[in-house]
Amino acid sequence: MGWKEVEEILEEIRRRTKKQAYALAIDRDREPGLFDSKFGGLPYWDMEKEYPMDSTGNKMMLLAQINLERLFQEVERDELLPSTGMFQFFIALDDVYGMDFDGQGIQKNFKAVYHPLVNYQLEKTQIQSLDVPVCTDSGMDDCSPIWEEYAVKITRKTAYIGECDYRFEEIFCEVMEEKFGKQTEGKPLDEFLGEETYDKIMKELPNTGHWLLGYPCFTQTDPREYEEAYRYYDTQLFQMDSDYVEDEDYILWGDGGVANFLINQEDLKKGDFSNILYYWDCG
């Protein structure tokens, strides 16, 4: 199959899978406050709630928080997301960053939290009195993928399904048959198209970076491909990628991986964040 045919298929895939999402980028020129969207640092917390604890009884560390109310003052709101409040993602301080290899949907060493309302009268000292771990604490090198607190810029951006998503191959084959009457004849798509063409597809639809909503990217395999029960989690809620330049690491999952928090779309619409799949991998 020639590249022109593949490009035509990809264009149709973009048309079918197009959705609006939010791209996040580290803003090193701004110091975030307690209520801001940020990666790492001291979390906002509702003092009337119990702070997230891991399976050993230790307090978890803030990985990221997204202030939705402030976000939607600047960009258009997606109907899947609540209009107010704050999302937070916490992880246990262990050598696998809180992931359970046998039960990635069990929130025992990670926690996704949604605060419907944010109390802007809260003082930083009140949170500090909880004695919670922060990524800037000493000794975090081996148990956290992030070691500084970063403000983030958030922009609304169009996203398309990429090769990493387990559903991509099915959609590609469906479009290929509709347009050109061709089938893979039982071969995996990468084998049918050839390594060079498949590598070009990966570059066309990478989905790397940090995202709220959109489609996930994985450095190895989408866990939903080999575990059918995980297909319940059909929507990306939040993705945090490794983020580094030649001389400095800002965020590093293993040796350069990516982390995803996936949710069922109907749960997201209902504002139910009790059932989320957390998975990260690296090359």
Net charge near residue 159 (other residues with Cβ under 9 Å of its Cβ; Lys, Arg +1; Asp, Glu -1) is +3
So, taking all protein chains as they sit and a 1.4 Å probe, how much accessible area belongs to residue 16, in Å² rounded to tens? 90
To the nearest 10 degrees, how steeply does helix 168-180 sit against the main Cα axis of the chain, on a 0 to 90 scale? 30
Tell me, how many Å apart are the Cα centres for the range 185-241 and for the range 65-138? 25
Ignoring everything but the protein chains, give the 1.4 Å probe accessible area of residue 270 in square angstrom, nearest 10. 150
Could the peptides 38-45, 20-27 be put in order, highest first, of the mean number of other beta-carbon atoms found within 10 Å of their residues? 38-45, 20-27
With angles folded into 0 to 90 degrees, how steeply does helix 195-204 sit against the dominant principal axis of the chain? Use alpha carbons for both and round to 10. 50
Within the set of other residues whose C-beta is less than 15 Å from the C-beta of residue 76, count the net charge using Lys and Arg as +1 and Asp and Glu as -1. +1
Using a Förster distance of 30 angstrom, determine the FRET efficiency expected from the C-beta separation of residue 106 and residue 270, and round it to 0.05. 0.90
Quick one: how many Å² of residue 129 are accessible to a 1.4 Å probe, rounded to 10? 90
Accessible surface, 1.4 Å probe, highest first, among residues 46, 222, 78: 46, 78, 222
For the residue 249, residue 35 Cβ pair and Förster radius 35 Å, calculated FRET efficiency rounded to 0.05 is 0.85
Tilt relative to the chain, helix 3-17 - C-alpha long axis, 0 to 90 degrees, to 10: 40
Ranking by accessible area, most exposed first, for 246, 170, 123 with a 1.4 Å probe: 246, 170, 123
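The values are calculated or read from the model by the stated rules, or taken from the named source; none is laboratory data. Please read all numbers here as calculations on a predicted model, not as lab measurements. So basically every Cβ, Gly included, is an ideal-geometry build from the backbone, and we count neighbours across all protein chains shown. These area figures cover heavy atoms from the full protein model, side chains too; ligands, DNA and RNA do not enter into them. Shrake-Rupley method; radii C 1.70, N 1.55, O 1.52, S 1.80 Å.
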